[in-house]
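Visitor: Got a structure for you, written out below as structure tokens; questions coming shortly.
The values are calculated or read from the model by the stated rules, or taken from the named source; none is laboratory data. Here the structure is a predicted model, which means the values were calculated and not measured. FYI the Cβ positions are ideal-geometry reconstructions off the backbone, even for glycines, and counts take in every protein chain you see. The protein model used for the area step is the full one, side chains on, heavy atoms only, and it has no ligands, DNA or RNA in it. Shrake-Rupley method; radii C 1.70, N 1.55, O 1.52, S 1.80 Å.
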Amino acid sequence: PLLEQGLNLTPARETTRSARFADASLALLRDVKLNSQQKANLTFNFRHERVDPLFRSVGAATQADRFQNQYELVGALGEANFTVSHTRFNDNLGDLPSILKSLTRREALNVNMPLSALLVPFIAGREGSNGQTNGQTDGQSFRWLPRLGFTVDRVHQFGAFIPVNGGFRPDLTPDQISLNYNVSADWQFTKWRLGYRFNRSSQDNRQPGRELADLENLIHGLTLGLNLTPALDVSFEVNNEQANNFEFQRADRTIRYAVNTNWRMTPWAVLAINISTVGAGDLARTASSRTIEGDAQLSYRFDGEHPGWQRIFANRLQAQFFVRYANRFARTSDLLF
């Protein structure tokens, strides 16, 4: 009676909620020899998850009201590998008409290929079968071949229906496709290394009335690292990014340059210097910005191996002293405001 306070209350009914998870793998190929140096592996993975609405657990952190199935194929050929996956997800398992029900479909592909390690065994096997060899099938003549990486990620998220009495308009019900591409190439040598990155990401809106509200980003990145001496490393970075907004017909570009040095003066002293500059602005020249950053840090380490400090640091205690200087400059201009 103290809780009711004279009001008509609905009695609480006993309800049971449940959740289930499954994770299974099937080895389709296991260490199948293709030649004297390479083996092939292929595995199929399946993951299932279903959590009832309003499910709670004191033993694990879970997200209620969700259903998801993921199918994955993982393969490897020597040092090369790839992964292909497909995921299906939705919420609102009770199909409540006033709540948005989101459907998500995702496909992903990831490939990683060191070309030198992938091609040399086949070329060596072909020359061996012909009874000829040129003495260069040990991989030295293919060291210039890069390690390639390729990634594709596609996500389509949309509403199953327009909620009733939920305040949703057709243009507020999500329906968009996101695409993300990544391509990379890396060369690694004794004295220097080189890397190139390309990324393209886009968002395609398909809601009624918002068909032109699309976005696109393009990024090019180049990295060059040099080992000038065993104690001195220098790296250069260049990144060029362009962001396109098709709804407002606007394109913004950002260019970044950076130089990083690391000088190990002694086994205990290290000097690091980093300098970068970033320029940004739209192609219509209505806004621009420039940022320049630089910092230098000298660090010195004391430990039990330092000469003259063995007695003080005999118990393996360590101490570090450093001095750091940083300077940052930023300028922004906007002709509209």
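Visitor: Phe44 to Arg200: FRET efficiency via 1/(1 + (r/R0)^6), r the Cβ-Cβ distance, R0 25 Å, to the nearest 0.05?
Guide: 0.25
Visitor: Considering only protein heavy atoms, what is the solvent-accessible area of Leu194 at a probe of 1.4 Å, reported in Å² to the nearest 10?
Guide: Solvent-accessible area, nearest 10 Å²: 50 Å².
Visitor: Taking H placed 1.01 Å from N in the peptide plane, check which residues at least 5 places from Asp282 or on another chain put their amide H under 5 Å from its amide H.
Guide: The answer is Arg253, Ala287.
Visitor: In nm, to one decimal, how far is the Ala319 label point from the Gln297 one, both placed 7 Å along Cα→Cβ?
Guide: Placing both labels 7 Å beyond Cα along the Cβ direction yields 2.0 nm.
Visitor: Let me ask another. Calculate the spin-label point distance for Thr286 paired with Leu179, positioning each point 7 Å from the Cα along the beta-carbon direction, and give it in nanometres.
Guide: Those two pseudo-labels are separated by 2.7 nm.
Visitor: Would you mind checking the tilt of helix 115-129 against the longest principal axis of the Cα atoms of the chain, expressed as 0 to 90 degrees and rounded to 10?
Guide: 70 degrees
Visitor: Also, I was wondering about something else. Tally up the carbon and sulfur contribution to the accessible surface of the range 191-337 as a whole percent, 1.4 Å probe, everything protein left in place.
Guide: Looking at the range 191-337 in its full context, I get 59 percent from C and S.
Visitor: I've got another one for you. May I ask for the net charge around Pro53, where only other residues with Cβ less than 13 Å from the Cβ of Pro53 are counted and Lys, Arg are +1 while Asp, Glu are -1?
Guide: Its environment carries a net charge of +1.
Visitor: I've got another one for you. Evaluate E = 1/(1 + (r/R0)^6) for Leu119 and Thr16, where r is the Cβ-Cβ distance and R0 equals 45 Å; express this FRET efficiency to the nearest 0.05.
Guide: 0.15
Visitor: Whole-Hz Karplus ³J(HN,Hα) for the range 220-230, in order, using 6.51 cos²θ - 1.76 cosθ + 1.60 and θ = phi - 60°, x for Gly and Pro?
Guide: 10, x, 10, 10, 10, x, 10, 9, 5, 9, x
Visitor: For Trp144, what accessible area in Å² do you get when you roll a 1.4 Å probe over the heavy atoms of the protein chains, rounding to the nearest 10?
Guide: Trp144 has an accessible surface of roughly 150 Å² with all protein chains in place.
Visitor: Let me ask something additional. Enumerate the calculated ³J(HN,Hα) couplings along the range 62-75 in order (Karplus 6.51 cos²θ - 1.76 cosθ + 1.60, θ = phi - 60°), each rounded to whole Hz, writing x wherever the residue is Gly or Pro.
Guide: Here the 3J(HN,Hα) series is 10, 9, 6, 6, 8, 9, 8, 10, 10, 10, 9, 10, 10, x Hz.
Visitor: Once the Cβ-Cβ distance between Ser102 and Leu9 is put in as r, and R0 is 25 Å, what FRET efficiency do you end up with, to the nearest 0.05?
Guide: 0.15
Visitor: Given (1) 29.3, 99; (2) 24.6, 88; (3) 23.6, 74 as candidate values of Rg and Dmax of the Cα atoms in Å, which corresponds to the one derived from the coordinates?
Guide: Computing Rg and Dmax of the Cα atoms in Å and matching it to (1) 29.3, 99; (2) 24.6, 88; (3) 23.6, 74 gives (1).
Visitor: Taking the Cα centre of the chain as origin, work out the dipole magnitude from +1 charges on Lys and Arg Cβ and -1 charges on Asp and Glu Cβ, in debye rounded to 20.
Guide: That gives the chain a dipole magnitude of about 660 debye.
Visitor: Assigning unit charges at the beta carbon (Lys, Arg +1; Asp, Glu -1) and nothing else, what dipole magnitude in debye, to the nearest 20, does the range 190-296 show about its Cα centre?
Guide: 320 debye
Visitor: Now for a different question. Using a 1.4 Å probe over the heavy atoms of the protein chains, calculate the carbon and sulfur portion of the accessible area of the range 21-129 as a whole percent.
Guide: Carbon plus sulfur share of accessible area: 57 percent.
Visitor: Now for a separate question. Between Leu26 and Lys191, what length in nm is gained on full extension when 0.36 nm per residue of separation is reduced by their alpha carbon distance?
Guide: Extra length available between Leu26 and Lys191 comes to 55.1 nm.
Visitor: For the chain, with every protein chain kept in place, what is the accessible area per residue (1.4 Å probe, Å²)?
Guide: On a per-residue basis, 68 Å².
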